[in-house]
Every structure is written in structure tokens, then in C-alpha cells.
Amino acid sequence: MKPSNGSPQFDLWLDGSARPAASGASFARHSPFDGAPAGVFADGGEQDAERAVDIARREFDTGTWPTSPARRRYEVLTETARLLTVNADALAERMVLESGKPVTLALGEVAASVRCLQYYAGLALSAEGSAVSERNPSALGLILREPVGVAALITAWNFPLLGVVCKLAPALAAGCTVVAKPSHLCPGPTVLLARYLSEAGLPGGVFNVVTSELEQGAVVGQHFASSPKVDKVAFTGSTASGQAVMRAAAANTKRVALELGGKSANIVFPDAPLEDAARTAIGAFTFNSGQQCSAGSRLLVHCDVHDEFTAMLKEYAAAQVLGDPRETTTTMGPLISSRQYERVLGYIDLGRAEAKLLTGGGRPADPALERGYFVEPTVFDEVSNSSRLAQEEIFGPVLSVISFGTEEEAVALANDSAYGLAGGVWTGSMDTALRVVKGVRTGKMFVNCYNTAGIDDMPHGGYKNSGTGREFGEVGLEEFQELKTVQILLR
Ligand code: NAD
């Protein structure tokens, strides 16, 4: 990292060292809080993407990493976790500067990334294949797990460290080599991660990073997704980009995992602990300023408690602290970009026409925030589930409240969505909770909590347009492995 006119400069990371883009081009990122320079990044293009893929291919086919002993992979991942812990403040500062994420969330993301690295370090040591010895007395079957090959990781900006680590840690634990393309809106943490991995002893060429500006980003992403030298693509981003990745990946029938958008329903029954449910419902759509794939952006409230519950929502929304993301008291920072800010305000205009504004609905009045892309926590009531507000992913702090009368109606409303990523159910009855859990078609359900149970490493991924494949947990490792069966005739 070299300072350039006061702004730190980041190169690509290729073959174990920092390299400029082949074209020599770069792009600048500014803080979405106050427009301060956040960094200058190499603007990699197709030539750089091809080079990264060639390096990763070479390392997979002839390098030492794919056949390294499990203990070696454990050691590198464990040491990387240690380096992330030691450098947590620097990583968090980078996220705050480039993305506007509040520092407490950024530090939480570093801690979650450390746990993820440690989890897959453990799995690298403990994962085992299996044997089939019972079918035929004169034969033995073996089921071997092998690394899938060269993995391409294409990631979004909203979890700029964890979003990469949750793919990279299992990929490395499996013995894959990797090319990565972070979002142009927060690329710094991925480049820092490459440095820490190198310091931790990862051989050069096993992890390669190509940063690029907006248009070039799609070019590099498409190159990775379509390259016949890449065996697997793991993507996080919008449904439209994910579909483009899937189409490109068909070129060599590569393995595809897609973590896409959501419009998750958080369902509140009258027998729920209402205060807790209301407080958590606010966190469920304001966390990371609503820029969260699993956000509980539809709130289904039983009509018997509607008035009481919406009054509590107003109160808890007002308790959110919009402010300088460097301050530990701030709970909501700015949105990521002017484009996203305009988009979210557009949805708020739509909401004013389609539904009843309960609270929020604009910029905060505080003059100290006027240079940032801030939007107040905004709640719309009397929303129709068929409206655009309730059907489209807004990716900002906007909540749609929808009333229901029966359990069947709640489940039908939750399922009336093109997405299926997450959801919540609040009730004093475990029978009701489990019936709803089984009825809602999503990859993840929360019971009497929302993102707050504190269980790491459970599989994460979506039904329907929310994607395909899973991250985290043992299945997250399997995503980067191929199965090979061996049949041995005993003589
Ligand atoms: P995006 O689709 O604009 O970009 C994601 C990544 O894909 C970026 O690196 C981008 O450069 C690249 N890209 C863009 N077009 C591409 C193309 N045609 N081919 C290949 N690569 C391409 O998404 P974003 O704005 O960065 O992220 C927000 C989206 O991510 C939201 O929809 C959110 O729900 C989703 N997301 C999902 C999860 C999940 O786990 N399901 C997690 C975080 C974010």
C-alpha cells in the first residue's frame, strides 16, 4: 500500500505480490460519509483477469497447495485468523472509510471472519472421506474428497471482508487455488486479506485479487465466470448479476454457487414477546443501514396486535443513531453510494403513493450528516404484499408492514415472493413456530430472534431467486470439493 496524494494506493495481488493493472489504470474511492478520499485502486481488466486465472491454474495443476497435508492448511488458516485479530482495527478502519459501515459493525465483521477462518482450519484437519465395505464381501469402495480446482470468488460490498472469507476459507481448506474480484465500492479489505494470507505462509499464486471499477468489474467477473480454466464460481451479489454469472458459467459446465437478494418476512403473532419482537424487527431492517441480503424487510403483524405493535416500532426506530461511522455510538451509517441513495429515495416516494408512512421517509435533519448518503429508518404501514415496495429488494432502511389474520395467511404472504433467503417468526407457541418454519420456503428461519441467536457456521443460502448453493458449515467446505468414488476388487 503506497500513499498517493494522501490517499492510500492498492495494486492488484498476483502471484504473491502487489502488481499494477496491465493498463496502468486506477480508480479512486471516496467515503460515502463525507466524500474524503478512501483509496486509489488498480483498475484491472480482461488481461489481468486472464493472468490471474493462468496463475491460479498453474498453482492448482503443478503447485504444492492442492496436495499439501491438512495440517499445513490448518496452520495457514489459523495464522491468518491471528493476523486478522492483530490487525482488526486497520481492517475495520478500511471498511468504515470505503463503505461507511459503523465501526462497531466493522469490528464485528472482522471477529466473524476470524471465527470463520478458525472453523475451516478445524475442518481442514478433521474432514474425512468414507468407505463402503458392506455391500460386497470381496470388494471395497472408497469415497474420496478432492479440491474442485480453480475457484473464482466474485463478491459484493456490504460484507466486504466476511463475504470473501466465507468463500475463501473453505476453498483453501479444500486445497483449491483462487481468483477473487471484490466490488469496486469496497475493494480494500480483500487486498489486505491477500497480504495477511501471504504473511501467514500461503504460497504465491494460490490467492489472486483483481480489483476493477464498475464497468470493468462486470468484464472481469464475466471473464472469471466463463473461463474454461476456472472450475467453480462462487458469487455474491444481485439476482440479475448472478443470473449473468450462471449463464457465462455454462460455457464449461463449471460448479456455480450464487448468494443473491432477498425480501424476507418477519412474522409476529399476538402471543409473542412483543417488546422484544418490535425492538428486533427494527434491527432486522436497519442493520448495516438495510444493506443486508437477509434483512427482515417485510414485517407481517397479526391484526389483533397491529396498533400496539406499530406504536412500538415508531419508538424503537427513533432510537437508532445515525452518525459518523467512526463513532462507536453510531448504529446506522450512510448508504454506500449516490446511486443507491437515489434508488432508496425513489422507493420511499413510491411508498408514499402506495402505502401509509409511519415514520422516517427522508434525510436526517442533522447538518453534520449533510454530505453523507443518509436515509432515516423508514416504516410504511398498510402495504399490499403485491406492491413493488413489498416485492422488490430495496437494500436500504425501508420496512413494509403487512397485516394478517391467520397462520395460513401469514405463511402464504411470506411465500408470495420471488425470493427465499430468510425469515422470522415470533410466538409463545413452539407448535406455531415450527409449523411456520416448515411452511415458509426460505434457506434460513429465525424463531423469536432475527440474526441475533449468535450461532456461527450454520449453512447460509437461498431458495428461489435468492440463489443456489450454501456457505458456512460443513456444506460450505463440500461446495469446494468434488467426490471421487473408487471400487476395489479384492483378490
Ligand atoms: P452486484 O450484483 O452489483 O455486484 C456483485 C459483484 O458482481 C461485484 O463484484 C460486481 O463487480 C460483479 N458483477 C457485476 N455484474 C457482473 C456480471 N455481469 N458478471 C459477473 N460479475 C458481475 O451486487 P452489489 O450491489 O455489489 O451487492 C448487493 C446485492 O448483493 C444485493 O442484491 C444483496 O442482496 C446481495 N447479497 C447477497 C448475499 C447473500 O448471502 N445472499 C450477501 C450479500 C449481498
Revision key, fill the gap. Highest mean packing first, using Cβ neighbours within 10 angstrom, the peptides 387-395, 459-467, 447-455 sort as 459-467, 387-395, 447-455
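With an 8 Å Cα cut-off and a minimum separation of 6 or more residues, compute the relative contact order for segment 265-456 in percent.
Contact order relative to length: 28 percent.
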Exercise for review: Return the FRET efficiency for the residue pair Thr253, Thr328: r is the Cβ-Cβ distance, R0 is 60 Å, and the value is rounded to the nearest 0.05.
Suggested key: 0.80
Revision key, fill the gap. Of all DSSP beta bridges having both residues in the chain, the percent classed as antiparallel (nearest 5) is 45
Review point. Percent relative contact order of the chain, based on C-alpha pairs within less than 8 angstrom and at least six residues apart?
Key: 18
Review point. When ligands, DNA and RNA are left out and all protein chains stay put, how many square angstrom of accessible area per residue does segment 72-172 have with a 1.4 Å probe?
Key: 37
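Please give the peptides 352-364, 113-125, 471-483, 254-266 ranked by average Cβ packing (other Cβ atoms within 10 Å per residue), highest first, as a rough proxy for protection.
254-266, 113-125, 471-483, 352-364
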Revision key, fill the gap. Descending packing, highest mean Cβ count within 10 Å first, for 131-137, 207-213, 9-15, 154-160 is 207-213, 154-160, 9-15, 131-137
Practice item. State the percentage of accessible surface on the chain attributable to carbon and sulfur atoms; use a 1.4 Å probe and exclude ligands, DNA and RNA. Key: 52
Check your understanding: In terms of modelled amide H atoms, which long-range or inter-chain residues lie less than 5 Å from the amide H of Ala38?
Key -> Arg29, His30, Ser31
Check your understanding: Considering only segment 101-215, what is the antiparallel percent among its DSSP beta bridges, to the nearest 5?
Key -> 25
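With both partners inside segment 265-456, how many of the DSSP beta bridges are antiparallel, as a percent to the nearest 5?
Bridges in segment 265-456 that DSSP calls antiparallel: roughly 15 percent.
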Point to revise | Euclidean distance between Cα centres, segment 127-172 to segment 228-269, Å | key: 18
Practice item. Run the numbers on segment 220-354 and let me know its relative contact order in percent, using alpha-carbon pairs under 8 Å that are six or more apart. Key: 17
Point to revise | Dipole in debye (nearest 20) - the chain, about Cα centre, beta carbon charges: Lys, Arg +1; Asp, Glu -1 | key: 1460
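The values are calculated or read from the model by the stated rules, or taken from the named source; none is laboratory data. Just so we're clear, the structure is a prediction, and the values are computed from it rather than from any experiment. Every residue, glycine as well, gets a Cβ built from its backbone with ideal geometry; the counts of neighbours run over all protein chains shown. With ligands, DNA and RNA removed, areas are computed over all heavy atoms of the protein, side chains included. Shrake-Rupley method; radii C 1.70, N 1.55, O 1.52, S 1.80 Å.
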